Amino acid sequence: MSELAEKQCVPCKGGVSPLTGSELAPLAAEIPTWVVIEGHHLDRNYTFDNFRKALDFTNQVGELAEEQGHHPDIYLTWGRVGVKLWTHKIDGLTESDFVMAAKIEKLFEK
């Protein structure tokens, strides 16, 4: 499991530049099941056997988001949960997005 999952998300106060290009590659390598979309956000779809399991996972991600103060876009449908992450304050990616993705991945692996 990625060491990123052991870190804490740091709230962005703005005034920083989003990560770009070569800054993204080492972080993305730690969460290989996630996709970096146009250098702007992270995306991952999870599949489940039924709606209940997808809903339970969605609720776990929601609790984690509240705990970390970092809130992804979550899409729930029968047997599938889509998660999209980026730092809204700067309209791009920070290390905290990768930390949150690693933490969500750890939830899924349980």
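The values are calculated or read from the model by the stated rules, or taken from the named source; none is laboratory data. Just so it is clear, the model here is predicted, and its values are computed rather than measured. Cβ placement follows ideal geometry from the backbone for every residue including glycine, while neighbour counts extend to all protein chains displayed. All accessible areas refer to the heavy atoms of the entire protein, side chains included, with ligands and DNA or RNA removed. Shrake-Rupley method; radii C 1.70, N 1.55, O 1.52, S 1.80 Å.
For the subset of the range 23-49 comprising residues that are over 14 Å from residue 86 (Cβ atoms) and among the acidic types (Asp, Glu), which member is surrounded by the fewest Cβ atoms within 10 Å (Cβ to Cβ)?
Within the range 23-49, the match that is surrounded by the fewest Cβ atoms within 10 Å (Cβ to Cβ) is 49.
Is it fair to say residue 69 is over 11 Å from the mean Cα position of the chain (by Cα), open to solvent by less than 50 Å² (accessible area, probe 1.4 Å) and on the phi > 0 side of the Ramachandran plot? Reasoning before the result, please.
Values: over 11 Å from the mean Cα position of the chain (by Cα): yes; open to solvent by less than 50 Å² (accessible area, probe 1.4 Å): yes; on the phi > 0 side of the Ramachandran plot: yes.
Here the answer is yes, as residue 69 does meet what is asked.
Please specify each residue of the range 38-66 satisfying the condition of being more than 13 Å from the chain's Cα centre (by Cα) and among the aliphatic types (A, V, I, L, M).
Once the filter is applied, which keeps residues that are more than 13 Å from the chain's Cα centre (by Cα) and among the aliphatic types (A, V, I, L, M), the range 38-66 yields 54, 55.
Among the residues that make up the range 11-22, is at least one of them modelled with pLDDT under 95, open to solvent by 30 Å² or more (accessible area, probe 1.4 Å) and on the phi > 0 side of the Ramachandran plot?
yes
Report, by residue number, each residue of the range 75-109 that is surrounded by fewer than 19 Cβ atoms within 10 Å (Cβ to Cβ), in contact with a Phe, Trp or Tyr (Cβ under 7 Å, 6 or more places away or on another chain) and within 15 Å of residue 32 (Cβ to Cβ).
108
If you go through the range 1-10, how many residues are open to solvent by 50 Å² or more (accessible area, probe 1.4 Å) and within 18 Å of residue 69 (Cα to Cα)? Talk me through it step by step, then tell me what you get.
From the range 1-10, those open to solvent by 50 Å² or more (accessible area, probe 1.4 Å) are 1, 3, 6-8, 10; that's our starting set.
Next, from what is left, pick out any that are within 18 Å of residue 69 (Cα to Cα): 6-8, 10.
Total satisfying the criteria: 4.
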